[in-house]
Amino acid sequence: MTGRTVAELAASVGGTVEGDATRAIRGVRGLEDAGPEDVSFLANRRYARRMAETRAGCVLVGPKDKAHDRTVIRCADPYLAFAQVLRVFVPEARPAAGVHPMAVVEGSAEGATVMAFAYVGPGAMVGEGSVLYPGAYVGAGASVGRGCTLMAGSVVADGCQLGDRVWLNPGVVVGGEGFGFVPTASGHVKIPQTGRAVIGDDVEIGANSCVDRAAMGETVVQRGAKLDNLVQIGHGATVGPDCLLVSYAGVAGSTRLGRGVVLAARAGVLGHLDVGDGVVLGADALLTEDAAAGERRSGVPAIDHRRWLRVAASLPELPELLVTVRRLEAEIARLKLAAPEPAALKEKE
């Protein structure tokens, strides 16, 4: 692995050096595992104590983090700098363009890499610099932009579209049939899914996630959105720019997520809802109504996050509270039995 000086790394991330700027760095490791020729990073205060113990030759730190007499690169965002430094030492490898003899290309894939057992259907177009790994499928009339990566077993179904620099991990399905049926006395009648799925530029979709095609019109995942593994996007839904959907999150049909919405693990959003920009939905939460921009919600059904924290904190006390309520109810009943009747009170008067 080619080495870099601390000064060179600082220049690559826009940081400033405190300590030995000439020290040679040859790798990137965590604080616990790093050695004198490694650069590490401190992006979470929970690990601050490890900073004093690390053997790292250099550490990426924030503006106010303690250096502990070590060589550091101070930067505005150590986590971002960590990602940039990783690219310095482990640049992305793109295989040479060409179509493997055991691939099938019935459409156009000029300037792309199409590996063995990948398939490009009739009328489909794959852009320059894109890579289709073994088993990747691009259906008839589909479009894949420039610089995309379709890993093994990923699918872009007929007529669907990917923008530029889209990354589909193994098992992703873009444009599978939407879940649409009409219940009848004799069974469920399928609603033809005649629309398509459209994925914007710079979107990444995790393994075994699905973006269903619309019944009519389009299911859309907009520019820069990131979907984790096992995420489901229902037919006709829209995922806004720069959204983050963590594993097992689900968005039902015809719902719209605004810009920068965050769905934590296993969060769900019911259909036909409008979720404003920057909404954050907590883990395991279920959103059952529209949410205004900037709201934070948790729970089932999802309520204001701070209120949910109070509810969650009170749950361990419920058994004792129930005992107290029952005791008070019994005491009230006893007092009612012991109290004189209104008529008796009147006679005494």
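Odds and ends about this structure:
- Just so you know, in the stretch 264-280 the residues that are part of a strand (DSSP E or B) and of a type in the set (Val, Ile, Thr) include one that is nearest to His235 (Cα to Cα), and it is Val269.
- Test: residue in the stretch 89-98 that is without any contact (Cβ under 8 Å) to a residue 60 or more places away in the chain, under 19 Å from Val13 (Cα atoms) and surrounded by 15 or more Cβ atoms within 10 Å (Cβ to Cβ): no
- Taking the listed residues Gly240, Gly271, Gly260, Gly236, the one that is in the same structural domain as Val172 (by TED's automatic domain parsing) and in contact with a Pro (Cβ under 8 Å, 6 or more places away or on another chain) is Gly260, with no other qualifying.
- Any hit, the stretch 161-169, residues being without any contact (Cβ under 8 Å) to a residue 12 or more places away in the chain and either in contact with a strand residue (DSSP E or B) (Cβ under 6 Å, 6 or more places away or on another chain) or in the same structural domain as Val126 (by TED's automatic domain parsing) (or both): no
- Selection from the stretch 284-305 of residues that are in a loop (DSSP other than H, G, I, E, B), closer than 19 Å to Asp242 by Cα and among the aliphatic types (A, V, I, L, M): Ala292, Ala293
- Taken over the stretch 136-146, the residue count meeting the criterion of being assigned to a loop (DSSP other than H, G, I, E, B) and surrounded by 20 or more Cβ atoms within 10 Å (Cβ to Cβ) is 4.
- On the stretch given as the stretch 1-34, residues that are of a type in the set (Val, Ile, Thr), under 20 Å from Met51 (Cα atoms) and out of contact with any Leu (no Cβ under 8 Å at 6 or more places or on another chain) total 3.
- Count of residues meeting criterion [over 18 Å from Ala67 (Cβ atoms) and of a type in the set (D, E, K, R)] in the stretch 1-31: 4
- Residue pairs whose Cβ atoms lie under 9 Å apart, sitting 6 or more positions apart in sequence or on different chains, and linking a residue in the stretch 221-237 that is over 18 Å from Gly260 (Cα atoms) and touching a residue at least 24 places away in the same chain (Cβ under 8 Å) to a partner that is crowded, with 19+ Cβ neighbours inside 10 Å and of a type in the set (Asp, Glu), are Gly234/Asp212; His235/Asp212; Gly236/Asp212.
- Residue count for the stretch 1-58 under the criterion of being surrounded by 15 or more Cβ atoms within 10 Å (Cβ to Cβ) and in a strand (DSSP E or B): the result is 12.
- In the stretch 109-162, the residues that are among the polar types (S, T, N, Q), under 23 Å from the mean Cα position of the chain (by Cα) and over 20 Å from Pro95 (Cα atoms): Gln161
- Some residue of the stretch 272-288 being among the acidic types (Asp, Glu), at pLDDT 95 or above and closer than 30 Å to Glu177 by Cβ: yes
The values are calculated or read from the model by the stated rules, or taken from the named source; none is laboratory data. This structure is a prediction, so every number in the text was calculated from the model and none was measured. As a convention, Cβ positions derive from the backbone with ideal geometry for all residues, glycine included, and neighbour counts pool all protein chains shown.
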